Protein chains: 2
Amino acid sequence: MSIYKQTCTNLLDLSVPQISSWLSSFDSVISDCDGVLWIYGKALNGAADVMNQLKAQGKNIYFCTNNSTKTRAELLTKGLELGFQITEEGIISTAHATAAYLKQRNFDKRVFVIGTEGITQELDFVGIRHTKAGPDYMQGTLGEFMAQHLKLDTDIGAVVVGFDEHFSFPKMTKAASYLSDPNCLFIATNTDERFPMPNLVVPGSGSFVRAIETCAERAPIVIGKPNPAICESLIKQKKINPSRTLMIGDRANTDILLGYNCGFQTLLVGSGIHQLSDVAQWKKSSNPEDKKLIPDVYLPSLGELLPALVESQSGGSY
Amino acid sequence: MSIYKQTCTNLLDLSVPQISSWLSSFDSVISDCDGVLWIYGKALNGAADVMNQLKAQGKNIYFCTNNSTKTRAELLTKGLELGFQITEEGIISTAHATAAYLKQRNFDKRVFVIGTEGITQELDFVGIRHTKAGPDYMQGTLGEFMAQHLKLDTDIGAVVVGFDEHFSFPKMTKAASYLSDPNCLFIATNTDERFPMPNLVVPGSGSFVRAIETCAERAPIVIGKPNPAICESLIKQKKINPSRTLMIGDRANTDILLGYNCGFQTLLVGSGIHQLSDVAQWKKSSNPEDKKLIPDVYLPSLGELLPALVESQSGGSY
């Protein structure tokens, strides 16, 4: 248990002995990727050095992403290219976890996929049949589409919704129609709402999921953060001890909330979605759900831990 | 005020004198269209006779639809073809009401439309500039789309979301990006969730609206039922007296709730979305919002009012 529990203490305000003490309070580190380790395919300054240093100091390192567009193998390649010393077993991803979820349940029907090849390839790896990723656009008028072009597959047993840049009305119609069978599983890889970029807002999986929820009038099983299911096997197999695990993230309603839900320590970094100003609002809020979003500690960006990490390692103070 | 207020009394259980008394309790009738008067372009059995008979008996007749895909002129043509004696002034539609809403506010920028030509033509009628309806699909990869193909128009001052069978990721991205300017209006024609059909579920405008709400992190102004705004001018201009107005509908969370919100009497018909089994659930519910969905009276379909209407008119009993 962190002595900084839900205080959002800025690590830059701590002394080297305090940092050393904090570093010795966890054995495992689970870090979000986009917004913490890299952004738009570029490593964030110092992030790889920090993660590699933590590994060198004996921490178990896991990378945990809600990004459903990549397989674990692709994430491994990307991480290695950007200088992170990781292994495929150290990668927790929603596309992989979705396939694992279905495999564990001996799912033997076909999956209707709203998503990309990140999902379909992970399904292939475990031998689960699925529809193709890619465009499925409107053909003809609405009447023609419904009468002639819309073909429903009677073998579909699950609808999986992740990030899909080819999201469309035909996909929505098929998903809602399949989900009118209560035996058809409804799985969301994650519910991240959006990705703000300079002068631009990119919709996240959560936007697609809300659309399908609305027309299907059903709520999905959510695989990704903040659902603790994504870390369940790590905890059950005793690969990590929750109270001695640090969760690092930039989005409080996924990363920090996952930490809250699993009993991890939490570190919010300001290099992505949420900032100290957001935390200040949650501290003032009377909604108990908002309190769960407050991290134990904070850093403007992960790279800023490097000096204290190196100094602490040199043992001058502790 | 109806003596049957929120009792969901089945009109078929009443005597002719009771029906006559009920008929004399309102002067104006506002009827939903799809699911009450017609379905898939076909008039429902007896519906035109009932509406025309009510008109012949001196009632003010209004047709009120959340369907944003048609102009008032198109709805008039359709109603006349199906045998309903209506006028364009008697048609309350969300595409028309959306254009009127913007016109009343002297809106002079351009509208980004997620919707069909029903909306763009109504905007044309009042001289408001807008983007085109129709396909706007993904070009290239996600990276290419954002770097090369995505063009944002700096003159957009409102995003309107209605039913759009060409709903797509590029449209979502543009809408969310425009809405990151707090001065950009966000208007939903309506929030009907879906249209269940045999072996098929067609997503409604509400599904698109929820998707945009999620990635824009903003709530829209909703023009259509159950928002009383759609009947505001009728009430303000004293064309109708709310307590002596009957709202007829098949969808409780739009039609009956509009009636509740405006102080109308309400009649639920079972020929569309909601059934007596739904009403039974709302009666049992402890949620006060559910209570608002309970209609005063009920009929399996509007046409079944005809015998009592004719008999009552013949004056035998009253």
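Hand me the trypsin sites (Lys or Arg not before Pro) from region B:121-202 located in a DSSP loop with no more than 13 other Cβ atoms within 10 Å, in residue order please.
For trypsin sites (Lys or Arg not before Pro) across region B:121-202 that sit outside H, G, I, E and B with at most 13 neighbouring Cβ atoms in 10 Å, the list reads B:LYS132, B:LYS151.
Put a point 7 Å out from Cα along the line to Cβ at B:GLY140; what are the distances to that point in the other copies, in nm, shortest first?
3.4
May I ask you to evaluate 6.51 cos²θ - 1.76 cosθ + 1.60, the Karplus curve with θ = phi - 60°, for each residue of region A:92-99 and list the ³J(HN,Hα) values in order in whole Hz, giving x for glycine and proline?
For region A:92-99, the Karplus curve yields 10, 10, 6, 5, 5, 5, 5, 4 Hz.
Using +1 at the Cβ of each Lys and Arg and -1 at the Cβ of each Asp and Glu in region B:26-120, identify which of B:HIS96, B:ILE39, B:GLY58 lies farthest towards the dipole's positive end.
Highest projection toward the positive end goes to B:HIS96.
Would you calculate a helix-derived [θ] at 222 nm for chain A, using -39,500 (n - 2.57) for each DSSP H run of n ≥ 4 and dividing by the full residue count, to the nearest 500?
-9500 deg cm²/dmol
Here are some pairs, A:LYS132/A:LYS171; A:LYS5/A:LYS284; B:LYS42/B:LYS132; B:LYS239/B:LYS292; B:LYS5/B:LYS291; which of them have Cα atoms lying more than 19 Å apart in this structure?
Long pairs (Cα-Cα over 19 Å): B:LYS42/B:LYS132; B:LYS239/B:LYS292.
If all Cα-Cα distances of the protein assembly as shown are sorted into 20 Å bins from 0 onward, what percent lands in each bin, rounded to whole numbers?
Pair shares across the bins are 18, 44, 28, 9, 1, 0.
Amide H to amide H, which residues 5 or more places from B:CYS64 or on other chains are under 5 Å from it, using H placed in the peptide plane?
Sorted by chain and number, the residues that satisfy this are B:SER31, B:ASP32, B:CYS33, B:ILE92.
Could you give the distance between the Cα centres of region B:1-20 and region A:132-201, to the whole Å?
Value for the Cα centre distance between the two parts: 44 Å.
Would you work out the relative contact order for chain B, in percent, from Cα pairs under 8 angstrom that are 6 or more residues apart?
Taking the mean separation of contacting Cα pairs over the length of chain B, I get 24 percent.
When DSSP beta bridges are limited to those with both residues in chain A, what percentage is antiparallel, rounded to the nearest 5?
Given both bridge residues lie in chain A, the antiparallel proportion sits at roughly 15 percent.
Could you state the angle between the C-alpha long axis of helix B:72-81 and the longest principal axis of the C-alpha atoms of chain B, as a value from 0 to 90 degrees rounded to the nearest 10?
40
For region A:96-222, what relative contact order do you get, as a whole percent, if you take Cα pairs closer than 8 Å and at least 6 residues apart?
23
If amide H atoms are built 1.01 Å from N in the plane of the peptide, which residues on other chains or at least 5 residues away come under 5 Å of the amide H of A:THR9?
A:VAL297, A:TYR298
Averaging over all projection directions, find the projected area of the Cα convex hull of chain B and quote it in nm² with one decimal place.
17.5
Using just the alpha carbons, could you tell me how many Å³ per residue the convex hull of region B:96-222 encloses?
113
Share of antiparallel DSSP beta bridges in region A:144-283, in percent to the nearest 5?
30
Taking R0 as 25 Å, what's the FRET efficiency between A:TYR40 and B:LYS151 from their Cβ-Cβ distance, rounded to 0.05?
My answer for the efficiency is 0.80.
Quick one: compute the contact order of region B:177-280, relative version, from alpha carbon pairs under 8 angstrom and 6+ residues apart, as a percent.
20
Each reported figure results from applying straightforward, stated rules to the coordinates on display, with no laboratory input. Keep in mind that this is a model prediction, so the values were computed, not measured. Cβ: placed from backbone, ideal geometry, glycine included. Neighbour counts: every protein chain shown.
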